[in-house]
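*Asks:* I have a structure here, written as structure tokens, and I will follow up with some questions on it.
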Amino acid sequence: MTLYDNPTSQAFAAQLPVTLEMMELKGNEKYAELPHPLPTEAIQPITLHAGDLMLYGNQTLVLSHTTFKSSYRYTLVGRVDSPENLTETLGKQNVRVAFSNQTSK
């Protein structure tokens, strides 16, 4: 996963490592409440893509696992580098996701 270079992503990275119980929503995204709110700069992206990591409001982390249209506003956080088969990887149920700041060398 690659985080964007913005205040929201930097604040998210400061909360790492964190493991979240992400709830399934409408068959196209997972979401979870973060331990602490993050700064926001919400936009309306119209189309969300598989692999988009976004913030809804100031404390709800959303991971899109399919591509779909949305009328909601989100703050961009990051993107899964290889989102192919993300729906299959995450499954259709709630899932525990561990986010950490490990980097590959």
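The values are calculated or read from the model by the stated rules, or taken from the named source; none is laboratory data. Since we're looking at a predicted model, the values are computed, not measured. Note: ideal-geometry Cβ built from the backbone for every residue, glycine included; neighbour counts use all protein chains shown. Keep in mind that these areas ignore ligands, DNA and RNA; they rest on the heavy atoms of the full protein, side chains included. Shrake-Rupley method; radii C 1.70, N 1.55, O 1.52, S 1.80 Å.
*Asks:* Direction-averaged shadow area of the convex hull around the Cα atoms of the chain, nm²?
*Replies:* Result: a mean projected hull area of 6.2 nm².
*Asks:* If the elastic network links every pair of Cα atoms under 10 Å, which of 57, 91, 78 fluctuates the most in the Gaussian network model of the chain?
*Replies:* 91
*Asks:* Have a look at the stretch 1-49 and give its Rg and Dmax from the Cα atoms, expressed in angstrom.
*Replies:* 12.2, 30
*Asks:* Tell me, what is the per residue accessible area of the stretch 38-105 in Å², probe radius 1.4 Å?
*Replies:* Per residue, the stretch 38-105 has 61 Å² of solvent-accessible surface.
*Asks:* Sticking with this structure for a sec: Under 5 Å between amide hydrogens, which residues at least 5 positions from residue 29 or on another chain qualify, with H placed 1.01 Å from N in the peptide plane?
*Replies:* 65
*Asks:* Any idea how far apart residue 60 and residue 88 come out in nm if each label point goes 7 Å out from Cα toward Cβ?
*Replies:* 3.0
*Asks:* Starting from the stretch 23-105, pick out the GluC sites (Glu not before Pro) whose DSSP state is loop and whose Cβ has at most 15 other Cβ atoms within 10 Å.
*Replies:* Within the stretch 23-105, the qualifying GluC sites (Glu not before Pro) (loop, at most 15 other Cβ atoms within 10 Å) are 41, 84.
*Asks:* For residue 43 and residue 100, calculate 0.36 nm times their separation in residues minus their Cα-Cα distance, and state this gained length in nm to one decimal.
*Replies:* Stretched out fully, the residue 43 to residue 100 stretch lengthens by 18.0 nm.
*Asks:* Could you give the length gained on full extension between residue 2 and residue 81, defined as 0.36 nm per residue of separation minus the Cα-Cα distance, in nm?
*Replies:* Taking 0.36 nm per residue and subtracting the Cα distance, the gain is 27.8 nm.
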